[in-house]
Number of protein chains: 4
Amino acid sequence: MLKIAVLGAGRIGQVHAANVAHHNDAQLAMVADPFIDNARALTALYGGTAVKDPLDAINHPEIDAVVIGTPTDTHVELMLAAARAGKAVLCEKPVDLDIRKALEAKQALGEHTTRVMLGFNRRFDAGHSEMHQRIRNGDIGDLHQVIITSRDPGLAPMNYLKHSGGIFRDMVIHDFDLARWILGEEPVEVFATGSRLFEPALEALGDYDTVMVQLRTASGKQCQINCSRQAVYGYDQRLEVFGSNGMMLSDNQRDTGVRRYGAQETEVRGPLLNFFMQRYAEAYRREMDVFISAVSNDDTVPVTIHDGCQALKLADAAQLSADTHTVVNVD
Amino acid sequence: MLKIAVLGAGRIGQVHAANVAHHNDAQLAMVADPFIDNARALTALYGGTAVKDPLDAINHPEIDAVVIGTPTDTHVELMLAAARAGKAVLCEKPVDLDIRKALEAKQALGEHTTRVMLGFNRRFDAGHSEMHQRIRNGDIGDLHQVIITSRDPGLAPMNYLKHSGGIFRDMVIHDFDLARWILGEEPVEVFATGSRLFEPALEALGDYDTVMVQLRTASGKQCQINCSRQAVYGYDQRLEVFGSNGMMLSDNQRDTGVRRYGAQETEVRGPLLNFFMQRYAEAYRREMDVFISAVSNDDTVPVTIHDGCQALKLADAAQLSADTHTVVNVD
Amino acid sequence: MLKIAVLGAGRIGQVHAANVAHHNDAQLAMVADPFIDNARALTALYGGTAVKDPLDAINHPEIDAVVIGTPTDTHVELMLAAARAGKAVLCEKPVDLDIRKALEAKQALGEHTTRVMLGFNRRFDAGHSEMHQRIRNGDIGDLHQVIITSRDPGLAPMNYLKHSGGIFRDMVIHDFDLARWILGEEPVEVFATGSRLFEPALEALGDYDTVMVQLRTASGKQCQINCSRQAVYGYDQRLEVFGSNGMMLSDNQRDTGVRRYGAQETEVRGPLLNFFMQRYAEAYRREMDVFISAVSNDDTVPVTIHDGCQALKLADAAQLSADTHTVVNVD
Amino acid sequence: MLKIAVLGAGRIGQVHAANVAHHNDAQLAMVADPFIDNARALTALYGGTAVKDPLDAINHPEIDAVVIGTPTDTHVELMLAAARAGKAVLCEKPVDLDIRKALEAKQALGEHTTRVMLGFNRRFDAGHSEMHQRIRNGDIGDLHQVIITSRDPGLAPMNYLKHSGGIFRDMVIHDFDLARWILGEEPVEVFATGSRLFEPALEALGDYDTVMVQLRTASGKQCQINCSRQAVYGYDQRLEVFGSNGMMLSDNQRDTGVRRYGAQETEVRGPLLNFFMQRYAEAYRREMDVFISAVSNDDTVPVTIHDGCQALKLADAAQLSADTHTVVNVD
């Protein structure tokens, strides 16, 4: 029975706390949040002790592992503290908004790397994961093209956007990780187009609301990502892979399979799963399951800080490409 | 080059005339209609001679085959006249509304039976026909259940309904033929439920607007038909077959594959193909093709007056069952 | 915090125990099963005390409510004992295989009826439930026809079938309840067809492997149910409703939205959710939620023993109809 | 009744000849092909006179319009000859493989431009055309992103590829035209990635088998095109448009709506419409209809040599971009 502390009792911390609490092989032992009432709300529901300081949880002798769901600029510090305290770590993306800081953290982790997992939740989506497995099994032959659709249901508040690092580092970073994982190769060439098509205020931030990215690997595999901060019809998350022997699509999902036929429209379906907490609810459960299983069995975690750094490099390259209208090579 | 006369220049006659005219192995030689202007409208488009009296066409020495699209109560007379004149015949359903008259016609046809085809167009729908073939190939193992959905987009005018013979003989007769053809066995037991759920005026006609039928064959195969005179969302034509080794569905079709996603509804599709002239346009072409090919090659036509009589027997049984709330056996 | 005992630690008891344990307003306090090891396996996972005798749980002063998941022939006895002990009850269907015993239990319950909920889980399926609500909202106008597809993935063991009460009372009973609930009226006329198309051994039991049922209400609403004990492609659960202003379908669901395109087949999708524990997992959670909420708020439960008795009457009528090839009226 | 000559009796000439012959307002008067037997095969089917020299048809006084389906390097010469002879023209894409020659032709046409239509058939696809209309109606608000999938079922013969002008000018040119038409603005920035992933022999031709293109308009609208010479699952033609108020998809189409469910796979659909002659059969008919109607009514044709030149400029830019790994601006 793994004793786990969740650091940060915000939106994502709540997801992780529930998944820990309902897991048969783990126990929610502590929740840390400077807003202690938020931490207490979670321990009231799921058990465990509420504390203010994440270091109190990290350094508590009974804690085996910590889940980091705190603000981005604390990730590196807490991750390193936990690793040094001998704790396994599941850390939300991104490692940091600054690639140099992220790379330093990677180096600092050293041998601890194998026990620090990055929370790229989409790898654990049942559909994406089935496709990844089928590609590896050779079901579509050699992989040629990957197409990722990634659209949020609505623009985040401007206050959030100011500190987000921009659309590439904040949002498309998920898709860069997905692209690397699905391609099975590192992209070496990045071209990105950024537009402000509905929120002109983003200009002051040097940010975009609508972007497209095109990637190429050394062997010539190709990937296109399309991304928008605002899809009025919901959270649009699709993945397409094309190869020498076939193609696969992973489509959006809905709460129900109801289709309606009326005098005006002869087939209408209900809303998409609304946002990441619904759409990827099962993915977060599987992510936690994989983390707990790896830690319990002393296995290397399947997503590491190296993945976090590589995705961040692609995000930086895309930002540069969009800003300068040039093709950017990535080493 | 088969020389064909189309008898009746109404809605269905127009469909057949166009298909004859565009066929590479046939020629529209005559169109007969007491409203000679209707006949002339067709010959102006597609060539051929317009006449008033169908017998003039039937007995014309240059005519090889006739297509009967006249009112139901003339079918038997014209069919027999054409057969006796040595002409091949494609006759619209039903043979007649009176089963005795239909059975007499069957007997009277004698050896001509093999050259008189009944126009059960749905057998020639690409989807239904693919399913029929796959069942025969054993793709779903032994057939267990058949489910037919058959809903018209709107109620026909009361004046038409008065002479239609009722919903079972006029409309469900297509589904009875489909059931027999797909089941590959004769139904021996019929149970039907008839309701007047939106047109009370049908009571005076002893007719129904909404019906369900359940059939059983001697070997225990089962079939359900659901039928309505008015589906506000369009012409709903579906077929499902279930067997020991699988299941198949033949769904409705649309003009385009466009799907729309908006703020209110996240998937909307356009209208179904509106009515039989659109939905079964290709089926009518294939029906004509099969007819022309059978006649040209001196083959037996694939749908005969026997099929017309059997479907009519089932319609009569269903009417009796719905009227009396009893199970009706069919020999 | 409601203290709940689960009676019966078999397949369905395990589902209920997990849902109780994960519920924020309830606690799994006891599990009763004569095979005490089965009870202990559940309490080891979710907490609570394991006992052999269900009456020990029913009569324990700390228990507020019991969930009955024991063999069918114990339902009435345990339900009455619990009701008399002042406990709320969630009882699996059917009430009993004998309608007289079920009706006696209904009478015996008296004022306790409002706290004894019948476990017709399908009413709590998100899709079915959305459709029920939309019909009540008038989205499809007046309801005319209901079509229920209900096929199990494979035949249960013969030993189970012997004591099941037959396909109508064991399996179709769910669909009879669904039909009543969706129709919003009592069926008054039942016609059923039963066949043995793949398991001849059922003849000795007077049972069928493949059935179709047609129902009519007093106002003329119509319903067709098609049912098989064995669909090789999985657990097929569909619902269609048709009315004066439109139609709705609730389709099967899958684990993922992946579609594959290969050289042989250009669209392939994966398996349906395999069986009721997967397909209706969320429905069982919502059922438990509704039960706990009704009991906590002292509300009448939404599905009562009356519903259990009415569904059983329809099952009896269907059995009689199939056995005698006659139409059966239900009061 | 427009008298039309079809120049070139190859694959595409056969499509046009049939559509002319079946059109109510036109007549197939001549077919020209140096392989006179090919021309005669068509006139045997549809009427008209067969000639060897296209100029004989162009200059024949009874001919009102010509359809150019000859090899690409003859397009300009025949188009100009026909225009000078006062004939309306429907010319297959591309105008020419050399943009200078195409621009000279454009200038040379002068006032004849309005009667020379370019055969970008995809604009006349019912689905694409519905989407174009809906965008103009404002159904999805402001257009933000366009995604075009364009994959051929199999690699053309190497002999064809040698003279094709390369994948961008031969194949993606259709998608460049579609992009311009749907975007409603000229792309000003082009980035293309070209790979040889299955046919290394294309290296000698400086050609690619697999490409991706990213476009941007002056106002920031974005477009991605993915393209392959070989999709083993068939001719994959999809279009997606995304805007401030919604999204639309135009999916592939099939011959039938049959879906199969078996023990291994629970939903299988049949092949896509195989290639352009099937997939765009209806589009070719509508294209001819629009051409004949424009010419008959003395209207300007809706697709002109200007469109042909602009698409070719984008193809040239894409080729340069892929060859040099740079972003290419288009004036």
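What the table shows:
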{"read-out": "Residue ranges of strands (runs of 3 or more DSSP E) in the stretch D:83-159 with at least 2 members of a type in the set (Val, Ile, Thr) and either surrounded by fewer than 18 Cβ atoms within 10 Å (Cβ to Cβ) or modelled with pLDDT of 95 or more (or both)", "value": "D:143-151"}
{"read-out": "Unmet requirement for C:GLN253, which otherwise passes all of (1) on the phi < 0 side of the Ramachandran plot; (2) surrounded by 22 or more Cβ atoms within 10 Å (Cβ to Cβ); (3) within 19 Å of the chain's Cα centre (by Cα)", "value": "(2)"}
{"read-out": "Members of the stretch B:211-267 that are among the β-branched types (Val, Ile, Thr) and farther than 29 Å from B:ILE135 by Cβ", "value": "B:VAL232, B:THR256, B:VAL258, B:THR266"}
{"read-out": "Test result for D:LEU183, more than 9 Å from chain A (Cβ to nearest Cβ), surrounded by 24 or more Cβ atoms within 10 Å (Cβ to Cβ), among the aliphatic types (A, V, I, L, M) and more than 16 Å from A:GLN222 (Cα to Cα)", "value": "no"}
{"read-out": "Test: residue in the stretch C:199-207 that is touching a His at 6+ places or on another chain (Cβ under 9 Å), modelled with pLDDT of 95 or more and assigned by TED's automatic domain parsing to the domain that holds C:SER129", "value": "no"}
{"read-out": "The stretch D:209-255, residues that are at the interface with another protein chain (Cβ under 8 Å from one of its Cβ atoms), part of a strand (DSSP E or B), charged (D, E, K, R) and farther than 23 Å from A:GLY220 by Cβ", "value": "D:ARG216, D:ARG254"}
{"read-out": "Selection within the stretch D:199-246 - within 25 Å of D:VAL188 (Cβ to Cβ), within 23 Å of the chain's Cα centre (by Cα) and of a type in the set (A, V, I, L, M, F, W, C)", "value": "D:VAL211, D:MET212, D:VAL213, D:LEU215, D:CYS223, D:ILE225, D:CYS227, D:LEU239, D:VAL241"}
{"read-out": "Qualifying residue in the stretch C:189-196 (condition: under 22 Å from the mean Cα position of the chain (by Cα), crowded, with 21+ Cβ neighbours inside 10 Å, in a loop (DSSP other than H, G, I, E, B) and small (Gly, Ala, Ser))", "value": "no"}
{"read-out": "Subset tally (residues that are at pLDDT 90 or above and under 16 Å from D:ALA281 (Cα atoms)) for the stretch D:252-265", "value": "1"}
{"read-out": "First in the stretch A:234-250 and polar (S, T, N, Q), second anywhere and crowded, with 21+ Cβ neighbours inside 10 Å and part of a strand (DSSP E or B), Cβ under 6 Å, 6 or more apart", "value": "A:SER250/A:LEU239; A:SER250/C:VAL258"}
{"read-out": "Matching residues, the stretch C:266-288, being crowded, with 17+ Cβ neighbours inside 10 Å and either among the aromatic types (Phe, Trp, Tyr) or under 23 Å from A:ARG238 (Cβ atoms) (or both)", "value": "C:THR266, C:GLU267, C:VAL268, C:ARG269, C:GLY270, C:PRO271, C:LEU272, C:LEU273, C:PHE276, C:TYR280, C:TYR284"}
{"read-out": "Yes/no for D:PHE291 being over 23 Å from C:TYR261 (Cβ atoms), surrounded by 23 or more Cβ atoms within 10 Å (Cβ to Cβ), aromatic (Phe, Trp, Tyr) and at the interface with another protein chain (Cβ under 7 Å from one of its Cβ atoms)", "value": "no"}
{"read-out": "Residue check for C:ASP299: more than 10 Å from chain A (Cβ to nearest Cβ), in contact with a Phe, Trp or Tyr (Cβ under 8 Å, 6 or more places away or on another chain) and of a type in the set (D, E, K, R)", "value": "no"}
{"read-out": "Lone qualifier among C:ALA192, C:ALA204, C:ALA263 - being without any contact (Cβ under 8 Å) to a residue 24 or more places away in the chain, more than 7 Å from every other protein chain (Cβ to nearest Cβ) and of a type in the set (A, V, I, L, M, F, W, C)", "value": "C:ALA204"}
{"read-out": "Residue in the stretch D:277-289 that is assigned to a loop (DSSP other than H, G, I, E, B) and under 14 Å from D:VAL15 (Cβ atoms) present", "value": "yes"}
{"read-out": "Residues located in the stretch A:311-327, provided they are crowded, with 17+ Cβ neighbours inside 10 Å and assigned to a helix (DSSP H, G or I)", "value": "A:ALA311, A:LEU312, A:LYS313, A:LEU314, A:ALA315, A:ASP316, A:ALA317, A:ALA318, A:GLN319, A:SER321, A:ALA322"}
{"read-out": "Residue among D:LEU320, D:LEU272 that alone is closer than 30 Å to D:ASN137 by Cβ and either touching a Phe, Trp or Tyr at 6+ places or on another chain (Cβ under 7 Å) or more than 14 Å from chain B (Cβ to nearest Cβ) (or both)", "value": "D:LEU272"}
{"read-out": "Count - residues of the stretch A:154-170 that are touching a strand residue (DSSP E or B) at 6+ places or on another chain (Cβ under 8 Å) and more than 29 Å from D:THR210 (Cα to Cα)", "value": "0"}
{"read-out": "Where a residue in the stretch B:48-63 is over 7 Å from B:MET30 (Cα atoms) and touching a residue at least 12 places away in the same chain (Cβ under 8 Å) and its partner, wherever it lies, is of a type outside the set (Gly, Ala, Ser) and loosely packed, with under 14 Cβ neighbours inside 10 Å, with Cβ under 7 Å and at least six apart", "value": "B:LYS52/B:PRO34"}
{"read-out": "Verdict on A:PRO271 being of a type outside the set (Lys, Arg), outside the structural domain of A:HIS16 (by TED's automatic domain parsing) and closer than 26 Å to A:LEU28 by Cβ", "value": "no"}
{"read-out": "Failed criterion for A:GLY165 (all others in (1) surrounded by fewer than 19 Cβ atoms within 10 Å (Cβ to Cβ); (2) assigned to a loop (DSSP other than H, G, I, E, B); (3) away from chain D (no Cβ under 14 Å) hold)", "value": "(1)"}
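A quick yes/no check of all residues on (1) of a type outside the set (Gly, Ala, Ser); (2) buried (at least 18 other Cβ atoms within 10 Å of the Cβ):
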{"position": "A:GLU199", "(1), (2)": "yes, no"}
{"position": "A:GLY206", "(1), (2)": "no, no"}
{"position": "A:THR210", "(1), (2)": "yes, yes"}
{"position": "A:GLN214", "(1), (2)": "yes, yes"}
{"position": "A:ALA218", "(1), (2)": "no, no"}
{"position": "A:CYS223", "(1), (2)": "yes, yes"}
{"position": "A:VAL232", "(1), (2)": "yes, yes"}
{"position": "A:ASN245", "(1), (2)": "yes, no"}
{"position": "A:MET248", "(1), (2)": "yes, yes"}
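The values are calculated or read from the model by the stated rules, or taken from the named source; none is laboratory data. On a predicted model such as this, the values are computed, not experimentally measured, just so you know. Cβ sites come from the backbone with ideal geometry, for glycine too, and all protein chains shown count toward neighbours.
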